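Notes for the one structure printed next.
Throughout, read-outs are computed from the coordinates displayed, never taken from laboratory work. This one's a predicted model, so the numbers in the text were calculated from it and none came from an experiment. Here the Cβ positions follow ideal geometry from the backbone for every residue, glycine too, while neighbour counts run over all protein chains shown.
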Amino acid sequence: MNRKRILAAILAMAIAIPAAAQSASMKLPKYESVTLGNGMRLLLMEKRDVPMIAFHARIAGGAIADPNGKEGTADLVAELLQKGAGERDALQFSAAADSVGATFGTASTRESLVVTGEFLARDQKLMLELLADALRRPRFEASELEKLRKRMIDGIAAARENQPDAVIDNYFDAFLFGTHPYGRSASETSLAAVTRDDVATWYPENAGADRTILVFVGDFDSKSLAKDVKKAFGDWQKAASPMPKLTAPATRKGRRVLLVDKPDATQTYFRIGNIGIARKDPDSVAVDLVNTAFGGRFTSMLNSELRIRTGLTYGARCYVNRESVPGSVAMSSFTKTESTAEAIDLALATLGRLHKGAIDAATLSSVKAYVAGQYPPRLETGNSLAAKLAEIEAFALGRGEVDEYGAKLAAVTGEGAKSVIERVYPKESDLTFVLIGNAAAIREAAGKYGEITERKITDAGWQ
């Protein structure tokens, strides 16, 4: 071992002990769990250090419940929840929250609708009223729907033209997952097909008390707040339709390439990967560690090779998307058109090194220290704690998700890391590639990675 490696190993060991201890000793603060008679789950965590309250509502369902051909319905629904509800139109609703300096936001994911916010404790009554109106009495006004639809469609068109990295995941998911619900994303044509009646029908069918987790973290009295929540939500009906059932997608065998032609492109954007693991995978902590080493920090293997050492890109990462059933694991980067093959070859070689044991003892120690140090700050705020509680409840993870994280991280061995790599990360022989770039300039290079399916970036949809 040379001098630099000795110094690096000593530094990693010095950092690892206090950082790991900090993470291992971290415990999720006490909270109460209440289930209303209609099935709604309420989680209450008192945190009296500042006079603030954060909330996080999570409604199971989301984009997986979108009708075929009308992908984007859940996206529109989520945005419309804050565009007029109860007796307030969109401007009045926004003004009510703004008047007390509160935040109120909505979003949709593949498997949920999310409503979040934060406010001063003294404004609890108003904000609970706004939240109940948004979840129970959204207006879904046609004029607001049209504005949102236009904004979303224009955003997709602009991304196709100027920001390919903003749409490459849509192409990758469609190509990787095919007809599985994870493969569907909103497009210009699917958004255009969604009517006001579609939105108004979709919501009561796919949102209701039995699908909702509501979390509050902050300066409140739990008994009093629980009473107020029961009054506001106790008679909310259950969702009219059953939850969509998801099956695990099959791992893709062999190599296949989707080449999306953007003739004016001077760079090639690429995703390379396969099917990974689900959120409740027992090796989830070990995957956090391995992925940090491989593609999750600035000094990761991928970024070191593609950016730091060769300068082929400004960044390279690997993502492991974990949901109710296995999501994708994919390497992601971009490079100049003329260096497309060089960058992809180097990414593949780095994946090969990962499988051949590139995570040695020194690397393992360094990454443990890094992950242990990064974990506690992610749970410092009321908003982050509320989101984590909702996630724990949604996936039935239990308190051990936080309380045992440090111990599980410290327990990962070299053999454990190798086992995770073998099981989770795709082999070089089984890869799905998506490239967006100048097809005329990169078609020959792309062809060496597998059979090409080609489409134009101006084509409607993603598959």
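Overall size of the chain from C-alpha positions, given as principal axis extents largest first: 65, 54, 37 Å. Taking 20 Å as the cut-off, the amide N atoms of region 281-310 that come nearer than this to a point 7 Å along the Cα-to-beta-carbon line of residue 448 belong to 305-307, 310. Going from the fewest other Cβ atoms within 10 Å to the most, the residues 300, 33 appear in the order 33, 300. To the nearest whole percent, what portion of all C-alpha pairs in region 266-320 is separated by more than 18 angstrom? Of all Cα-Cα pairs in region 266-320, 40 percent lie more than 18 Å apart.
Tell me whether region 389-463 comes out rounded, prolate or oblate; compute the Cα gyration tensor, take square roots of the eigenvalues as a ≥ b ≥ c, and use a/c under 1.5 as the rounded threshold. It comes out oblate by the Cα gyration axes.
Note on region 25-173: Cα convex hull, mean projected area over all directions, 12.5 nm². Within the straight-line cut-off of under 25 Å between alpha carbons, the lysines reachable from residue 150 are 70, 83, 262, 456, sequence neighbours fewer than 8 places apart in one chain being disregarded. Annotation: amide H-H contacts under 5 Å for residue 110 (H modelled 1.01 Å from N, sequence separation of 5 or more, or interchain): 63. For region 247-456, averaging the sequence separation of C-alpha pairs within contact (under 8 Å, six or more residues apart) and dividing by the residue count gives a relative contact order of 43 percent.
The residue among 59, 276, 405 whose Cα reaches farthest toward the positive pole of the charge dipole of the chain, with charges on the beta-carbon of Lys, Arg, Asp and Glu, is 405.
Each residue of region 244-255 was assigned a 3J(HN,Hα) from its phi angle through the Karplus expression (A = 6.51, B = -1.76, C = 1.60, θ = phi - 60°), giving x, 8, 10, 9, 5, x, 7, 4, 7, 9, x, 10 Hz with x at Gly and Pro. Binning all Cα-Cα separations of region 247-456 at 5 Å, short to long from zero, yields these whole-percent fractions: 1, 7, 14, 17, 18, 15, 12, 8, 5, 2, 0.
Listed values for region 211-227 are Karplus-derived 3J(HN,Hα) couplings in whole Hz (6.51 cos²θ - 1.76 cosθ + 1.60, θ = phi - 60°), namely 9, 10, 10, 10, 10, 10, 10, x, 8, 7, 9, 4, 5, 5, 5, 4, 4, and x replaces Gly and Pro. Across the chain, Cα pairs under 8 Å and at least six residues apart give a relative contact order of 24 percent. Sorted fewest first by neighbouring Cβ atoms within 10 angstrom, 151, 110 come out as 151, 110.
Can you return the lysines within cross-link range of residue 418? Criterion is Cα-Cα under 20 Å, with same-chain partners fewer than 8 residues away left out. Filter leaves 280, 356, 368, 408, 427. Return the whole-Å distance between the Cα centroid of region 236-268 and the Cα centroid of region 298-351. Each part reduced to its Cα centre gives a spacing of 20 Å. Applying a DSSP loop filter and a limit of 12 other Cβ atoms within 10 Å to the trypsin sites (Lys or Arg not before Pro) in region 335-390 leaves 356. Among beta bridges from DSSP that stay inside the chain, the antiparallel ones total about 70%. The order of 40, 45, 243, going from fewest to most other C-beta atoms within 10 Å of their C-beta, is 243, 45, 40.
Simple rule: put +1 on each Lys or Arg Cβ and -1 on each Asp or Glu Cβ in the chain, find the dipole, and look at 225, 187, 366; the Cα lying farthest toward the positive end is 366.
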